[in-house]
Every structure is written in structure tokens, then in C-alpha cells.
Amino acid sequence: MLFLGSNTALAQSDTKTEKKGWSRKGKGAAIGAGTGAAAGAIIAGKGDRGKGAVIGAGAGAVSGALIGKRRDKKKDPARHREYTKKKNSPNT
């Protein structure tokens, strides 16, 4: 009985859970949004900084996501297939 209990504890400790973290697409969108907001606020001028920041954040997020998606496709094809499968599934 003691022998079986020690084997199950050992088997449970050997399993590893892999953290996925952010995809390159997500990182690109976040970085692009921040950079775009800063650039938009600077370029817009004194009276329209808020509007410029919002427009810049949107444009930066889109472009950052596109660049990150391309990098995901190259570097991590399994993750790329997962989020393209969700987008193209007939149930959604």
C-alpha cells in the first residue's frame, strides 16, 4: 500500500504544465497600441491630443497585430493554426 502511494505521488509530480502566455499577435497589438497612442498624441497637436491618441492607438493595434500574426505564423505554426481555426469555424 505504501509503495503504490509513493508511485502515484511521483507520477503526479512529473507532469509539466506548459504556460502559453501571450501570442506574438497579442504582444504586437499591445505594443502597437501604446506606441500609436503616444505618436498620435504628439502628432495631433495641442487641441486634439485625445483624438489623436485614440486614432493612433487603433492604427497601432491593427498594424502591430498584423505584424505579430505574421511572426506567429513563422515561429509558432501550432498557435497560428489554433486561432485561425477559431476564426474560420462554421459554428461562430
Among I42, A53, I67, the residue whose Cα sits farthest towards the positive end of the charge dipole of the stretch 24-73 (+1 at Cβ of Lys and Arg, -1 at Cβ of Asp and Glu, taken about the Cα centre) is I67
If you average the sequence gap of Cα pairs under 8 Å that are 6 or more apart and divide by the length of the stretch 24-73, what percent do you get for the contact order? 53 percent
What FRET efficiency comes out for A59 versus E82 if R0 is 25 angstrom and r is the Cβ-Cβ distance? Round to the nearest 0.05. 0.40
Calculate what fraction, in whole %, of the accessible area of the stretch 24-73 sits on carbon and sulfur atoms when a 1.4 Å probe is rolled over the protein chains. 67 percent
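The values are calculated or read from the model by the stated rules, or taken from the named source; none is laboratory data. Just so we're clear, the structure is a prediction, and the values are computed from it rather than from any experiment. We place every Cβ from the backbone using ideal geometry, glycine too, and count neighbours over all the protein chains shown. For the accessible areas, the whole protein counts, side chains as well, though only heavy atoms, and no ligand, DNA or RNA atoms are used. Shrake-Rupley method; radii C 1.70, N 1.55, O 1.52, S 1.80 Å.
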